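The values are calculated or read from the model by the stated rules, or taken from the named source; none is laboratory data. These numbers were taken from a predicted model, which means no experiment stands behind them. No Cβ is skipped: glycine too gets one built from the backbone with ideal geometry, and neighbour counts run over all protein chains shown.
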Amino acid sequence: MAIKLRKSYKFALRSSFLITILLSGFFILFLIYKEQQDWLFVLLFALTCFVISFVILQIRVERFIYRRVKKIYDDVSLLESSSFSSKPVTTDMKTLTQEIEKFAEDKKIEIDTLKIREEYRKDFLGNVSHELKTPLFTVQGYILTLLDGAMNDKKIREKYLTRANKGVERLIYIVKDLDLITKLEVGGLKLDREDFDIVELIQNVFDLLEMKAAKKEISLTFDIEYMSPIYVNADKEKIQQVISNLLVNSIKYGHPNGTTEVSVENLIKNKVIVRVTDNGEGIPQEHIPRLFERFYRVDQSGSRDEGGSGLGLSIVKHIMEAHDEKIYVESEVDVGSEFSFTLEKTENSSE
């Protein structure tokens, strides 16, 4: 494929001019030495010298630069930079410098991104290890105690087996959440969209979490009494998981005799916004940007007294993104938190 070269004759012209002056000067001195003064011959010599010098310099320099610039393009193409290697080869130094600087900047961004991903991968593996080893060691401890002789005592055997079973249930819970979030992140989870009443779904979650809330003396309630259904289009099962995760977190970090209130409001013509508001502990502002990361906990002490996989909010975020919707959070320490997310409203919804 023919390659169109962008030429600059400035270097060849200057060099040819200097060579011509130099050689013409020597030639004039030679003529003076020979006591001859044929200025027409000197002019013809200078002109010939200039043309020959220019042609030789231009061709040689062009080829010299082209070969080396072509090598730069070939070397860069080995790095699979389609945006760079696909361009026609240019011997214009300014253009080439700009292209290489842009290429270097893009590569720096790419390297920085890879470093961030590597750190994220290390944190993730460390968090997974930490989350799994606690229930594993707990289960192992109970089983070893039973094998060491406690099995003969019926009461201890029953108590330890029950605790070991709880540890296994926690492991299953973590693995299921990991499987779900992996599918959500790679886009391998198909949403089963349908029209349903979001108010009825929230009430169902209230009923499921009634006992859990009662243990913390927290009341689950709507902001108002919804007399008419509000229909939305989404994956009902996944939205139930979103609401459940948000309410569980609200209960977990709520104050005794506290309240968790849910509201469903019209946002724009075809959208509603669901708000989950509590008067619990609240979240310090510095933690909010990382709140939806996998295994990230506001309580950095490492306590697992409240249970959970540490993946709840991350799953919530990915479910909403799979629906092409947004989730928001506002919080103030010792005042409370509000999580809200949008959903597509259907024509059946009451205005």
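Summed over region 192-213, the residues that are over 16 Å from Ser244 (Cβ atoms) and assigned to a helix (DSSP H, G or I) give a count of 0.
Inspect all residues belonging to region 170-191 and state whether any of them is over 18 Å from Arg294 (Cα atoms), within 38 Å of the chain's Cα centre (by Cα) and not in a loop (DSSP other than H, G, I, E, B). No; the residues of region 170-191 include none that is over 18 Å from Arg294 (Cα atoms), within 38 Å of the chain's Cα centre (by Cα) and not in a loop (DSSP other than H, G, I, E, B). Apart from one condition, Glu237 fits all of (1) among the acidic types (Asp, Glu); (2) surrounded by fewer than 17 Cβ atoms within 10 Å (Cβ to Cβ); (3) assigned to a loop (DSSP other than H, G, I, E, B); the exception is (3). Checked against (1) under 27 Å from the mean Cα position of the chain (by Cα); (2) not in a helix (DSSP H, G or I), Leu246 passes all but a single condition, namely (2).
For Val76, indicate whether it is within 32 Å of the chain's Cα centre (by Cα), surrounded by 12 or more Cβ atoms within 10 Å (Cβ to Cβ), in a helix (DSSP H, G or I) and at pLDDT 70 or above. For Val76, the condition - within 32 Å of the chain's Cα centre (by Cα), surrounded by 12 or more Cβ atoms within 10 Å (Cβ to Cβ), in a helix (DSSP H, G or I) and at pLDDT 70 or above - is not met. Being surrounded by 14 or more Cβ atoms within 10 Å (Cβ to Cβ) and at pLDDT 80 or above is a property that does not hold for Val128. The numbered conditions (1) at pLDDT 65 or above; (2) not β-branched (Val, Ile, Thr); (3) not in a helix (DSSP H, G or I) are all true for Asp112 except (3).
The set of residues in region 178-217 being in contact with a Gly (Cβ under 9 Å, 6 or more places away or on another chain), more than 30 Å from Asn257 (Cα to Cα) and buried (at least 19 other Cβ atoms within 10 Å of the Cβ) is empty.
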